[in-house]
Amino acid sequence: MDHQREINNTTRMGGIIRLLLVLILLSLTICTSLSTSASPPVTGATLQKVAASLKMFVDQLPQIPKLFGHSMHHGSPAPGHLTIGMFQKKWKFHRDLPLTTVFAYGTSAKTASVPGPAIEALKGVPTSVTWQNHLPQNHIFSWDPTVTTAIPKHGGVPTVVHLHGGIHPPQEDGNPLAWFTSHFRDTGSAWTQATYTYPNVQAAGDLWYHDHALGLTRVNLLAGLIGPYIICDPKLEKPLNLPSGPEFDRILMIFDRSFFKNGSIYINSTGDNPSIHPQWQPEYFGNAIIVNGKAWPYLKVQRRKYRFRIINASNARYFNFNLSNGLPFVQVASDASYLNSPGQTQNILLAPAEIADVIVDFSTSKTNESVLTNSAPYPFPSGSPVDQLSGNVMKFIIASGKPTRPDNSKIPTSLVNYPVATRTGAVKTRYIVFYEYDSTTGNPTHLYVNGKKYMDPVTETPRSGTTEVWEVINLTPDNHPLHIHLATFQAIKTQALVNLTTFTNCMTKKNDAIACNVKAHATGKLLTIPNYEKTWKNVVKIASGFKTTVVVKFNLVETNSKYPFNVTAAPGYVYHCHILDHEDNEMIRPLKLVL
């Protein structure tokens, strides 16, 4: 009997070993089907050398191709339909850099671009887009299966498009679980439809679209899946008489990348805690600054006013913009909303995913050149200072003499009369707390909102049509760009937490701001909220060691009316940090609206 039991145990053990081998092989097959081989080891000095070999300001700033999100019917605008695919192709980031393999949006592989085409929509006229995935079986980057990630059964690259700043039904939001692979062979649990219809019911403003697949957002955007989306309202905007037309109204989509000598984009292949996360690192920072798909480009401008819609499409880098010849910016809008009145400023700090809509008047320049510079440390606010590479963005070459035709554009004294953000009328106050968790080596392993993972049950269930106050507490070392899907919001107070260690220790144990007496701790210095951020935004910076009071509106702010569609449907919405490496590693939570 003992001998037979030993045989049975040996047989059972052999079966378990065979099963484990099958599971390991299956895991390797799945990982291989989604990702190419890891990037070869490379030092920071090597990447710096490659970037430094690229001469600045030798490539002209590209004009991003445009698609109209509406059609014309008997002389009147009518709903439009676009088909936009995602393609793998080669892209030229600099005249002296070999072609780079990218993922790009476009109507065909030939016309696909990085950034993707600018979609110009009209307020009140719906735009339908059929998003198609033509990407190959393997990703061009390594990815980390130890973070919560979309992994298709049959391989391929999962993607789903989110219109950032858009006000639209949940089914059109690009939920991280609504991903799909090429020809919809595999789909995520929240996928419902191939065509998204954006109602464009919100006021005129600047938006952008990008990938939002679960756990792959950072690598899919790094590969190139980004593009602008502008909502126009001629009735509102024509009387403003801001600079207009393709020459004088320009989109600047700015991001950072590092390159290998062969032109391929660098991404780290080893995590900061490789025994926990073999690939994930807390932030991606590139040595080269890219504008509209070119590294450190130049733009020839006339001595007149120009409008620049500046989109920070970086994974993690903050930009603090200045003009080298001292010209000011006159900001007219922030994110997807105009300001109540224009505001002049010498510098503009933009977090990842933030947008600044500015006027620059080159007619007052005392020089023939002006460099758009950057001075934001990375990580922001207490990281490394910028160097000669990351400290320069692009150059404006200013023509001599008068413009070719008179500049009749204006900078109006007032823009849009939005309601002021106050606590008045708020139906609920929520505490939203940012945590970072480190290993014994002191390196981050993951980040949570309110101590919860993305897949944990929803806890934020605001009522449609209402206003809430979110007290957002940042207990991490970094500044975080908070993005809430669907809602528009505005910071009204940012106050330092005193006795921060005591408060953090209490929060780590109890995860309850009221029980930890947050009122007694939120008594420190106040930060000034810049005038150029005093409008209804879709990204707000959350300072480290501070409590930021944010007024959140779950309605159409300009009319104070409810959304004209069902916001309670599945799969709901999300809110998250827009540092993509943080978002991908659990700094994201579901948001479910109720009636």
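The values are calculated or read from the model by the stated rules, or taken from the named source; none is laboratory data. Please read these numbers as outputs of a predicted model, since none were measured by experiment. Note: ideal-geometry Cβ built from the backbone for every residue, glycine included; neighbour counts use all protein chains shown. Remember, those area values only see protein heavy atoms, side chains included, never the ligands or the DNA or RNA. Shrake-Rupley method; radii C 1.70, N 1.55, O 1.52, S 1.80 Å.
Which of the residues that make up the range 541-559 are in contact with an Asp or Glu (Cβ under 9 Å, 6 or more places away or on another chain), assigned to a strand (DSSP E or B) and open to solvent by 10 Å² or more (accessible area, probe 1.4 Å)?
Residues satisfying the conditions are K541, K547, K553.
Condition (residue is more than 19 Å from G572 (Cβ to Cβ), in contact (Cβ under 8 Å) with a residue 60 or more places away in the chain and open to solvent by less than 20 Å² (accessible area, probe 1.4 Å)) applied to the range 516-526: is it met by at least one residue?
Checked against the condition, which is being more than 19 Å from G572 (Cβ to Cβ), in contact (Cβ under 8 Å) with a residue 60 or more places away in the chain and open to solvent by less than 20 Å² (accessible area, probe 1.4 Å), the range 516-526 yields at least one hit.
Of all residues being assigned to a strand (DSSP E or B), hydrophobic (A, V, I, L, M, F, W, C) and over 24 Å from the mean Cα position of the chain (by Cα) in the range 63-118, which is surrounded by the most Cβ atoms within 10 Å (Cβ to Cβ)? Just the residue, please.
A78
Output the residue which, of all residues in the range 358-405 that are assigned to a strand (DSSP E or B) and farther than 27 Å from D335 by Cβ, is most open to solvent (accessible area, probe 1.4 Å).
E369
Can you tell which of N262, N268 is part of a loop (DSSP other than H, G, I, E, B), more than 22 Å from Q388 (Cα to Cα), modelled with pLDDT under 95 and open to solvent by 10 Å² or more (accessible area, probe 1.4 Å)?
Answer to the check: N268.
For the condition polar (S, T, N, Q), free of Cβ contacts under 8 Å to residues at least 12 places away in the same chain and open to solvent by 50 Å² or more (accessible area, probe 1.4 Å), what is the one hit in T424, T429?
Checking each option against the conditions leaves just T424.
Taking strands (runs of 3 or more DSSP E) that do not extend beyond the range 283-346, which have at least 2 residues that are modelled with pLDDT of 95 or more and among the hydroxyl-bearing types (S, T, Y)?
In the range 283-346, 337-345 are the strands (runs of 3 or more DSSP E) which contain 2 or more residues that are modelled with pLDDT of 95 or more and among the hydroxyl-bearing types (S, T, Y).
Can you confirm whether the range 232-249 contains a residue that is part of a loop (DSSP other than H, G, I, E, B), surrounded by fewer than 24 Cβ atoms within 10 Å (Cβ to Cβ) and free of Cβ contacts under 8 Å to residues at least 12 places away in the same chain?
Yes, because at least one residue in the range 232-249 is part of a loop (DSSP other than H, G, I, E, B), surrounded by fewer than 24 Cβ atoms within 10 Å (Cβ to Cβ) and free of Cβ contacts under 8 Å to residues at least 12 places away in the same chain.
State which residue is nearest to A513 (Cα to Cα) when the search covers only the range 447-500 and only residues that are touching a strand residue (DSSP E or B) at 6+ places or on another chain (Cβ under 8 Å) and basic (K, R).
K452
Tell me the residue from K537, K562 that is open to solvent by 20 Å² or more (accessible area, probe 1.4 Å) and either touching a Pro at 6+ places or on another chain (Cβ under 6 Å) or of a type outside the set (A, V, I, L, M) (or both), please.
On inspection, the qualifying residue turns out to be K562.
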